[in-house]
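Chemist: The following block contains the structure, expressed as structure tokens.
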Amino acid sequence: MSGVEEVKKFIEEHDLDAKILQFDQPVRTVEEAAERSKADPSEIVKTMILIADDRPIAAIVQGDRRIDLRKLRRVLKADYVRFAKPGEVLKLLGIGVGAISPLLNSMKRIRCVMDERILMKERVLAGGGSEKTLISIRPKEKTLISIRPKDLAEILKPMIADISKV
């Protein structure tokens with residue numbers, strides 16, 4: 001199953017009112033995602049896979065911030081934290097690094113940490129399961145919100161902590 005198909009399945013299973021934004025060109029950076037979606041970089045979330053003491057971790061941070069490995073290591077009480085290699089991501093999630101989305105059922109199998117600042121946002125955009133897609137999720141009230149961070153937190157049940165830096 002492709003990453004986009006898995007995202008669609010996730011959306012269906014969780015009864016989310018969502019739209020997958022498809023682009024002709026890959027969206028490899030936050031800047032490209034912001035430009036193509038017309039969103040502010042702080043409204044885009046990056047989902048990264050890391051390895052903490054030999055265990056996979058998903059970390060979600062705002063697009064205008066960077067993951068702080070020292071903070072993450074402290075929060076996890078881990079001896080070491082490193083970014084997962086592309087092959088490790090493929091083996092773990094069944095998709096490549098550029099296709100990572102927080103809305104993959106495979107994400108629920110691993111521990112997740114979400115930066116606390118995301119919960120202060122009214123809406124966020126996230127990867128849609130391929131290098132050419134983003135997801136725009138609207139709550140059932142049909143407001144202009146893309147995805148409510150609280151909904152994302154409810155589904156993924158992440159640890160909420162300060163894990164980013166400017």
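Chemist: How many angstrom lie between the C-alpha centres of segment 108-136 and segment 6-43?
Modeler: What the calculation gives is 9 Å, centre to centre.
Chemist: Could you work out the relative contact order of the chain, using alpha carbon pairs under 8 angstrom and six or more residues apart, expressed as a whole percent?
Modeler: Normalised by residue count, the contact order of the chain is 32 percent.
Chemist: Next up: Where in segment 1-81 are there chymotrypsin sites (Phe, Trp or Tyr not before Pro) that are in a DSSP coil and have at most 12 other Cβ atoms within 10 angstrom of their Cβ?
Modeler: Passing both the DSSP loop test and the Cβ count: Tyr80.
Chemist: Ok, one more. How much mean residue ellipticity at 222 nm does the chain get from its helices, if each DSSP H run of length 4 or more adds -39500 (n - 2.57) and you divide by all residues, to the nearest 500 deg cm²/dmol?
Modeler: Result for the chain: -7000 deg cm²/dmol, rounded to the nearest 500.
Chemist: Here is a further query. Counting other Cβ atoms within 10 Å, which trypsin sites (Lys or Arg not before Pro) in segment 61-91 have at most 11 and lie in a DSSP loop?
Modeler: Lys77
Chemist: Additional query: List the lysines whose Cα lies under 27 Å from the Cα of Lys85, skipping any in the same chain that are fewer than 8 positions away.
Modeler: Cross-link targets: Lys8, Lys9, Lys46, Lys71, Lys77, Lys108, Lys132, Lys157, Lys165.
Chemist: Please check the chain for the longest run free of GluC sites (Glu not before Pro) that are loop-located per DSSP (anything but H, G, I, E, B) and have at most 16 other Cβ atoms within 10 Å.
Modeler: Counting only loop sites that pass the neighbour cut-off, the longest clear stretch is 1-121.
Chemist: For segment 53-63, take each phi angle, set θ = phi - 60°, evaluate the Karplus expression 6.51 cos²θ - 1.76 cosθ + 1.60, and give the result in whole Hz per residue in order, putting x for glycine and proline.
Modeler: 6, 6, 10, x, 9, 9, 10, 10, 9, 5, x
Chemist: Taking the Cα centre of the chain as origin, sum charge times position over the Cβ atoms of Lys and Arg (+1) and Asp and Glu (-1), and report the length of that vector in debye to the nearest 20.
Modeler: Here the chain has a charge dipole of around 440 debye.
Chemist: Could you list which residues have their amide H under 5 Å from that of Ile160, counting only those 5 or more apart in sequence or on another chain, with H placed in the peptide plane?
Modeler: For Ile160, the qualifying residues are Met114.
Since every read-out is calculated from the coordinates, none of them should be taken as a lab result. This is a predicted model, so every value here is computed, not measured. Counting neighbours? That spans all protein chains shown, and the Cβs are built from the backbone with ideal geometry, glycine included.
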